[in-house]
Structure formats: structure tokens, C-alpha cells
Amino acid sequence: MAAPARRRRSTRPRSRPRRPATKPRRRTARRRTRQDATSRLVALALVLATVVAAIRTYPVATGVLAALALTATVLLFLVRTGRLHLPELHTAARTDFTHSIAAYQHMTGTQFEHAIADLARRDPSVRTATVTGGADDRALDVLLQLADGRRIAVQCKRHAPTNRVGAPVIYAVNGTYRAYHRCDQALIVTTSAFTPNAERANAELDHPLSLVDGRALARWVSGGRPPWGA
């Protein structure tokens, strides 16, 4: 048998597959970065030129504005870091849900004590208003410390309009606010009213207490003078 004929190898060079043309991404990104940097430098130069021109033209006004801007920046930094506490604004016409007689009557006893303490803090002459009410508070619910050094004992009675405060409360507060709590003045705040016997007992004291009924409390809430400032 004749041997099979061998295939001749092609002497032509094989063509290599062409790679797809790649976009010069790196070069484009670099160009954009350089353009952005150049734009920022130009903008900064324009701002500096404007500031220099303003300083030359209006030196006093520019200095004042710069001082104000620096002061505002420092104050903002101190407030955000908690190193500076801004005083609360005491507005006379502050009428919200927590400072209305109707809201007081729907509160619990403890909530009413805290509400009266918050109401007292609206007076700039009050340094501190501490809620001390509890099971054995000895007729003291809120202790006020005034700027002039006076200590005021506050007894809070959140009652329904038909439930008036009686004379026993007058005797209890009068017997403890000076001898036990070392206070200079005492007042009883209620959402209702006082019985005739309570008013008579208070009038017979050597140093009558300040009685704040529902009407007086409403005037106080509406921006009237506090009982210790009358």
C-alpha cells in the first residue's frame, strides 16, 4: 500500500487576533483632576483678589466683618462642643399644652410638680427649681432658690375643680417650711381653689402663706408676675 501523503505546512505567518482599542482612561482621569485643580486655584485667586480689593477700599468695614465672622465661628464651635450653653429665652406669651390649666388638671401629681418647677424657671430671678416631692416630702414638693438668696417652699395640689384645698394643708406647710426646710417663704399652688376654712386659717398666721388657686395660676401661666414677685 502506498503511504498517505503528508500535508504541507503553510509557510504563511498566522495573523494574530487584534486587541480592541482601549480608551486612555487613566490619561482622561488625570486630565480631569488637573482641570479641577486649576479651576479651584483660579476661583481661590479670584476670591483672594476680591478680598484684597475690599480691604484696600473699605478697610474699617472689612475688619469689622472679619471680626464678626471670627466671633460667630468661635461661638458656634463652643456651642457644638458643649463648652458654651446659650440661655433659654423666657417668653411671657408662652402658651403650649404643658402650660395650660386644662393640661395641669389631666397630669399626675408628679407631672404637675415638674410643670410648676418648669413654670418657676421662666422667672430670671430663679436660680434653681428642684422637685423634691415624694412619699415623705414633709409638705415640700418644689424647692426654689432665688438670686437674692431667698429659699421658697412650694406645695403642689393638683385637684379637680370641685375638690378644694382645706385647712390641714395650710397647717402642714406652715409647720415645716421654716423649722424643717429652712425656707423664707412658702406658697401652695393648686388647680382648684381653697376652702373658706383654709383661707381663714392662713389669714390668722403670723406670716401668711402665698395661696395660688386656679385663677391665679392661670394669670401666672399667661405671663403674670410669680407669687414671690408680687
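Observations, loosely collected:
- Looking across region 145-155, the residues that are open to solvent by less than 80 Å² (accessible area, probe 1.4 Å) and farther than 19 Å from Pro196 by Cα come down to Gln145, Leu146, Ala147, Gly149, Arg150, Arg151, Ile152, Ala153, Val154.
- Residues of region 168-197 classified as within 22 Å of Met107 (Cα to Cα) and open to solvent by 20 Å² or more (accessible area, probe 1.4 Å), total: 2
- When Ala2, Ala53, Ala72 are checked against the criterion of being modelled with pLDDT of 75 or more and either more than 34 Å from the chain's Cα centre (by Cα) or under 30 Å from Thr190 (Cβ atoms) (or both), a single residue qualifies: Ala53.
- Qualifying residues in region 77-98 (those that are open to solvent by less than 90 Å² (accessible area, probe 1.4 Å) and over 26 Å from Ser125 (Cβ atoms)) - the one modelled with the lowest pLDDT: Gly82
- Qualifying residue in region 153-161 (condition: touching an Asp or Glu at 6+ places or on another chain (Cβ under 8 Å) and farther than 20 Å from Phe112 by Cα): no
- The set of residues in region 108-125 that are assigned to a helix (DSSP H, G or I) and in contact (Cβ under 8 Å) with a residue 60 or more places away in the chain comprises Phe112, Ile116, Leu119, Ala120.
- Exactly one residue among Asp136, Asp141 is touching an Asp or Glu at 6+ places or on another chain (Cβ under 7 Å) and acidic (Asp, Glu), and that residue is Asp141.
- Among (1) open to solvent by 50 Å² or more (accessible area, probe 1.4 Å); (2) outside any loop (DSSP other than H, G, I, E, B); (3) touching a residue at least 40 places away in the same chain (Cβ under 8 Å); (4) not polar (S, T, N, Q), the one test that Arg200 misses: (3)
- Residue match in region 205-218 (condition: hydroxyl-bearing (Ser, Thr, Tyr) and out of contact with any Pro (no Cβ under 6 Å at 6 or more places or on another chain)): no
- Per the listing Val126, Val165, Val131, Val142, the residue uniquely open to solvent by less than 30 Å² (accessible area, probe 1.4 Å), under 26 Å from the mean Cα position of the chain (by Cα), closer than 20 Å to Thr108 by Cα and β-branched (Val, Ile, Thr) is Val142.
- Single unsatisfied condition, Tyr104 versus (1) assigned to a strand (DSSP E or B); (2) open to solvent by less than 50 Å² (accessible area, probe 1.4 Å); (3) among the hydroxyl-bearing types (Ser, Thr, Tyr): (1)
The values are calculated or read from the model by the stated rules, or taken from the named source; none is laboratory data. Computed from a predicted model, the values in this text were never measured in an experiment. Every residue, glycine as well, gets a Cβ built from its backbone with ideal geometry; the counts of neighbours run over all protein chains shown. The protein model used for the area step is the full one, side chains on, heavy atoms only, and it has no ligands, DNA or RNA in it. Shrake-Rupley method; radii C 1.70, N 1.55, O 1.52, S 1.80 Å.
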